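First up is the structure itself, then whatever we jot down about it.
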Amino acid sequence: MKGKEWYQADDIAEEYETKRFSNGGRLIDRREKRAVLDALGALEDKRVLEIACGTGRFTVMLAERGADIVGLDISSAMMAQGRRKAREFGVGERIEFMRGDAARLPFPDDHFDAVFAIRFFHLADTPAKFLAEMARVSRNQVFFDTFNRFSTRSIYNWLLPMGSRLYSRDEVERLLGDAGLVLANEAHDFVLPYGFYREIPNGVAGQFRELDASLRDSALGRKLASVSYWDARTR
Ligand SMILES: C[S@@+](CC[C@H](N)C(=O)[O-])C[C@H]1O[C@@H](n2cnc3c(N)ncnc32)[C@H](O)[C@@H]1O
């Protein structure tokens, strides 16, 4: 798995957020955070595991809102950024960052109320194994996103140096079924792909985002959306 190695480097970790979430990328950050908050619902004292927490974009946000959260990632460099951010936002004591491999989670069955991963499954060469582990340690909810095979993302996906796997709906349904998960909710977004937003100034990104939202809400747009959010239950 190339993505496992790619994010180990200090310089990659240091520039991770500025590369993706400045300029029009801010809209993406906002949308992803909204997706996580909507999916997880009430957070006070909820026991949450974030897989591939990276620089703690969601970990810190959820700790600030009262979740009892563990962030797990295979890259110490990415989590160093997360720890720094947690201290900056005054929640350093409330988050447990753990180095570990998502393929072998060091927790007993049903240990968390909710387990989620954002921007992780495109890096997974064995997604069934990862999803099975997420389902095993969650007693209720598993939430994750995928980049879609039949979407505008496929235009540049092959160029990405860390590797990037695209999923069809059939594949996601099969993965969920094999992990014993039942789909509860789903959302599809970004007909204009992330790579496009990253290249345009924040000032004009809002206008494109409006166009994108109207495309997304059409039948064709739903089919062409480049990102899907999958919200599943363990039973
Ligand atoms: C694209 S980043 C996403 C980080 C964060 N979820 C976000 O959305 O900002 C992918 C992350 O997956 C982590 N990762 C890759 N393979 C992993 C594995 N097998 N177990 C745990 N983390 C892994 C990388 O270290 C990296 O931090």
Quiz item: Using θ = phi - 60° and the Karplus curve 6.51 cos²θ - 1.76 cosθ + 1.60, what whole-Hz ³J(HN,Hα) does each residue of region 35-42 get, with Gly and Pro shown as x?
Solution: 4, 5, 5, 4, 5, 7, x, 4
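How would you rank ILE51, ILE95, going from fewest to most other Cβ atoms within 10 Å of each one's own Cβ?
The most exposed by this proxy come first: ILE51, ILE95.
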Quiz prompt | Built amide H within the under 5 Å cut-off of VAL115, gap 5+ | solution = LEU49, GLN141, VAL142, PHE143
Practice problem: Distance from a point 7 Å along Cα→Cβ of ASN185 to each backbone N in region 6-37: keep the residues under 12 Å and list them by number. | Solution: 34-37
Quiz prompt | Whichever lysines have a C-alpha closer than 19 Å to that of LYS129, once near sequence neighbours (fewer than 8 apart) are set aside | solution = LYS2, LYS4
Quiz item: Once the piece of chain linking MET98 and LEU160 is laid out straight, how much longer is it, given 0.36 nm per residue of separation minus the C-alpha distance between them?
Solution: 19.6 nm
Quiz item: What number, rounded to the nearest 500 deg cm²/dmol, is the helix-based mean residue ellipticity at 222 nm of the chain, given -39500 (n - 2.57) per DSSP H run of at least four residues and division by all its residues?
Solution: -13000 deg cm²/dmol
Exercise. Among SER214, THR146, GLY180, pick out the residue whose Cα is farthest towards the positive end of the charge dipole of region 138-235, where Lys and Arg carry +1 and Asp and Glu carry -1 on C-beta, about the Cα centre.
Key: GLY180
Quiz item: How far apart, in nm, are the 7 Å Cα→Cβ label points at ALA128 and ASP38?
Solution: 3.1 nm
Quiz prompt | Net dipole in debye of region 1-108 [+1 Lys, Arg Cβ; -1 Asp, Glu Cβ; about Cα centre; nearest 20] | solution = 260 debye
Exercise. Rank the residues LEU215, LEU72 as a footprinting-exposure proxy: fewest other Cβ atoms within 10 Å of their Cβ go first.
Key: LEU215, LEU72
Practice problem: May I ask you to list the residues of region 46-64 whose amide nitrogen lies under 20 Å from a point 7 Å from Cα along the Cα→beta-carbon direction of GLU14? | Solution: 54-57
Self-check item: Residue-wise HN-Hα coupling along region 222-235, computed from phi with Karplus coefficients 6.51, -1.76, 1.60 (Hz; x: Gly, Pro)
Solution: 4, 6, 8, 3, 8, 10, 10, 10, 10, 10, 10, 10, 7, 7
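Output the Kirkwood hydrodynamic radius of region 2-233, Cα pairs only, in Å rounded to one decimal.
Details: mean 1/r = 0.0559 Å⁻¹.
Hydrodynamic radius (Kirkwood, Cα only) of region 2-233 equals 17.9 Å.
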Self-check item: Pairwise label distance in nanometres, ARG149 with GLU199, each label 7 Å out on the Cα-Cβ vector
Solution: 2.6 nm
Quiz item: So what J values fall out for region 12-26 if you push phi through Karplus, 6.51 cos²θ - 1.76 cosθ + 1.60 with θ = phi - 60°, rounded to Hz, Gly and Pro as x?
Solution: 5, 5, 5, 9, 3, 6, 5, 5, 9, 10, 9, 6, x, x, 4
Practice problem: Assign unit charges at the C-beta atoms only (+1 for Lys and Arg, -1 for Asp and Glu), then state the dipole size of the chain relative to its Cα centre in Debye, rounded to the nearest 20. | Solution: 300 debye
Quiz prompt | Proxy reagent accessibility, fewest Cβ within 10 Å first, across THR55, THR234 | solution = THR234, THR55
Quiz item: Going 7 Å from the Cα of ARG233 toward and past its Cβ, which residues in region 1-42 have a backbone nitrogen under 18 Å from where you end up?
Solution: 38-42
Self-check item: Leading residue at positive end of dipole, region 2-233 (Cβ point charges), from PHE89, PRO193, VAL137
Solution: PRO193
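Bear in mind that the values in this text are calculations on the coordinates, not laboratory data. Just so you know, these numbers come straight off a predicted model, no measurement behind them. Methodologically, a virtual Cβ is constructed for each residue, glycine included, from the backbone with ideal geometry; neighbour enumeration extends over all protein chains shown.
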